[in-house]
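Following: one structure in structure tokens, then a few remarks.
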Amino acid sequence: MTKCVNKHVNAWIDEMAAMTKPDQIVWIDGSEEQAQKLRDEACSTGEIIKLNQELLPNCYLHRTAVNDVARVEGRTFICTSKKEDAGNINNWMDPKECYDKLSKLFEGSMKGRTMYVIPYSMGVVGSDFAKIGIELTDSIYVCLNMLIMTRVGDHVLEALGDSADFVKGLHARADVDEENRYICHFPEDNTIWSVNSGYGGNVLLGKKCFALRIASYLGRKEGWMAEHMLILGLEDPNGDIKYIAAAFPSACGKTNLAMLIPPEYYRNKGYKVWCVGDDIAWLRVGPDGRLWAVNPENGFFGVAPGTNEKSNPNALATTRRDTIFTNVVHDLDNNTVWWEGLDDNPPANAIDWKGNPWDYKKYDKKDKSTCGAHPNSRFTALAKNCPCISSEFDSQTGVPISAIVFGGRRAKTAPLVYQSRDWQNGTFVGSIMASETTAAASGAVGVVRRDPMAMRPFVGYDMGDYFQHWLNMGKKIPNPPKIFHVNWFRTDEEGKFIWPGFGDNMRVLMWILARCEDKVEAVDTAIGFIPKAEDINIEGLDIGLDTMKELLKVDTQSWKEDVENIKAFYKEIGDRVPAELYDELAKLEENLSK
Ligand code: OXD
Ligand code: MN
């Protein structure tokens with residue numbers, strides 16, 4: 001297909017091509033034949049490296065520029081016509097000023113290069129949840145990643161028909177110049193412009209840019225929610241499956257929880273966990289009055305370091321075929337890949353993520369600069385290759401959500417789990433989500449970073465308005481999920497984690513689901529409902545009832561300190577924080593002083 005029939009699409013591509021001046025334009029049709037041609041071409045230029053096809057069929061390795069290894073929040077902008085609509089938490093630029101500024105960077109940036117046109121759908125093509133985007137890019141790496149992460153091809157254009165309702169994404173690597181790197185969102189125009197980066201989170205425009213920042217804006221306008229949440233299904237021995245959506249800040253083991261393997265005790269009884277999504281959920285009120293969720297993505301863009309047979313065997317298995325690895329170690333003896341935390345056998349003959357020979361003997365755990373794989377190195381893998389992928393992954397309607405779980409990394413403040421009192425209180429609990437950095441060696445408590453609903457870098461409008469949207473949604477869901485908060489990271493006096501985490505987190509999910517079905521009582525505390533220590537199953541664990549009590553304790557003093565921090569944070573968000581949340585904060589403060 002050289003041109004599609006949609007005049008809006010064609011006019012926009014003509015305009016973008018006039019600016020970027022590519023030598024040619026190629027449409028990505030979604031066929032395996034074309035994908036293979038692109039892989040071969042990228043191999044011939046060194047953009048990707050073909051790995052051992054016996055051990056890792058259809059797997060490739062890519063290295064980004066050394067200055068281009070992560071999302072750049074400082075260079076991410078929300079460009080609404082009024083500054084106050086982007087809010088205090090986002091960077092803002094006037095749309096006209098931004099288009100002018102970036103046009104200069106895009107001007108002629110594709111000379112001597114090819115512009116690829118990627119029509120993609122977030123969500124099952126043609127379903128009520130789905131939204132269409134078109135990404136224009138000069139990078140084959142982007143095309144190959146988008147073919148994994150989203151649903152791509154001619155069928156998407158067919159579903160679009162002659163509609164103008166699509167998200168216009170423009171990406172050029174340009175000079176990969178850090179000083180001129182911009183990831184800009186124009187929610188009022190359904191447009192995303194990304195320039196001077198080749199790193200996934202900045203350039204796979206369907207993911208954070210569309211499915212969270214633009215989608216959160218659309219969701220508010222249209223009455224649904226785009227959230228930074230995993231979705232999992234927990235199946236009981238009778239075959240009944242209950243679904244949970246959960247939001248965690250980065251580095252809290254979100255992908256591990258999404259693909260959890262039940263502890264032996266539960267496995268033997270016939271319990272199973274199914275992964276619907278590991279990063280993003282789109283949620284709508286269903287005809288039955290419950291909240292229904294889909295994962296709009298088609299793959300996982302997961303952090304490689306730390307992924308291993310123990311932490312996440314399902315993720316590891318998912319990456320054994322059809323995967324693009326980015327910035328990991330290249331094992332030259334086997335032509336395979338390695339990363340810190342994969343196993344205890346670093347390759348002797350290896351190339352590091354920067355492309356230099358790597359001597360594992362010089363690797364010092366405490367010095368990140370000696371790592372062979374970049375700490376944010378990634379795998380891009382197909383969801384359908386995951387051994388525990390849910391049978392509902394391709395469902396048109398999504399799955400009904402019984403519980404929403406918020407999480408954070410707190411050394412003292414948050415107990416292992418607590419339940420909010422209702423939707424409004426649950427929204428408050430989400431709004432005060434936070435993570436701490438802990439200096440592991442000394443056990444010292446680090447800085448608290450507040451990250452409401454894990455959406456701090458991803459809300460495409462004012463954070464106070466976002467809280468209001470949560471409250472408004474609550475009024476539209478006749479049978480809403482119950483809302484909980486978990487903390488897998490409480491530490492003892494020596495700074496060691498008390499809770500084993502990983503698969504054992506299922507024990508906490510079991511209590512959560514029991515609460516959703518009114519099958520277990522709870523203790524009413526200042527912050528919400530806490531389990532009775534004996535109601536979290538510890539069979540087969542090294543943990544006694546006293547330790548469980550310790551894990552569930554509400555530490556009034558640290559909560560009082562937290563209240564002060566929350567007040568400062570709400571102030572920073574600005575005057576659109578809903579009065580209902582200030583009421584919740586006042587109630588919490590009052591409860592703590594009783
Ligand atoms: C991610 C993130 O890459 O949340 O998913 O940072
Ligand atoms: Mn994420």
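Derivation of every value follows stated rules applied to the coordinates shown; laboratory data play no part. Since the structure is predicted, the reported quantities are computational estimates derived from the model, not experimental observations. A quick note on method: Cβ atoms are made from the backbone with ideal geometry, for glycine too, and the neighbour counts reach across all protein chains shown.
Annotations
- Scaling the Cα radius of gyration of segment 155-287 by the globular reference 2.2 N^0.38 Å produces a ratio of 1.34.
- Share of alpha-carbon pairs per 10 Å distance bin for segment 109-182, given as whole %: 19, 46, 26, 9, 0
- The stretch between D359 and K519, if pulled fully straight at 0.36 nm per residue, gains 52.1 nm over its current Cα-Cα span.
- Cα long-axis angle, helix 579-592 against the chain (0 to 90 degrees, to the nearest 10): 40
- Angle in degrees between helix 505-516 and the longest Cα principal axis of the chain, rounded to the nearest 10: 70
- Label point of Y582 set 7 angstrom out along Cα-Cβ; within segment 525-558, no amide nitrogen lies under 19 Å from it.
- Computed helical MRE - 222 nm, the chain, DSSP H runs ≥ 4 contributing -39500 (n - 2.57), nearest 500: -8000 deg cm²/dmol
- Only beta bridges with both residues in the chain are counted; by DSSP, about 65 percent of them are antiparallel.
- Loop-located GluC sites (Glu not before Pro) in segment 200-272 whose Cβ has at most 15 other Cβ within 10 Å (DSSP): none
- Förster-model FRET efficiency, 30 Å R0, E561 and L471, C-beta, rounded to 0.05: 0.70
- Linear extension gain, A251 paired with N345, 0.36 nm per residue minus alpha-carbon span: 31.4 nm
- The shape of segment 456-576 can be summarised by an equivalent ellipsoid whose semi-axes, obtained from the alpha carbon gyration tensor, come to 30, 21, 14 Å from longest to shortest.
- In the distance distribution for segment 222-344, Cα-Cα pairs more than 18 Å apart total 60 percent.
- Placing R0 at 22 angstrom, the Cβ-Cβ distance between N10 and S395 gives a FRET efficiency of 0.10 after rounding to 0.05.
- FRET efficiency for A568 and H155, using Cβ-Cβ distance with R0 set to 51 Å, rounded to 0.05: 0.55
- Residue pairs, from the table K221/K475; K82/K476; K560/K594; K532/K553; K254/K475; K254/K310, whose Cα atoms sit over 18 Å apart: K82/K476; K254/K475
- Acute angle (nearest 10 degrees) that the helix 7-20 long axis makes with the longest principal axis of the chain, alpha-carbon atoms: 70
- Based on every Cα atom in segment 528-585, Rg and the maximum pairwise Cα distance Dmax equal 17.0, 50 Å.
- Overall form of the chain per C-alpha gyration tensor (a/c, 1.5; a/b vs b/c): prolate
- Annotation: the residues D236, D165, D68, sorted from fewest to most other C-beta atoms within 10 Å of their own C-beta, follow the order D165, D236, D68.
- Extending 7 Å from Cα along the Cβ direction at D542 and again at K82 yields two label points whose distance is 5.7 nm.
- P(r) tail, segment 359-444: Cα-Cα pairs separated by more than 22 Å, 62% of all pairs.
- Rg over Rh [alpha-carbon atoms, Kirkwood Rh] for segment 316-422: 1.12
- Given charges at beta-carbon only (K, R positive; D, E negative), |dipole| of the chain in Debye: 340
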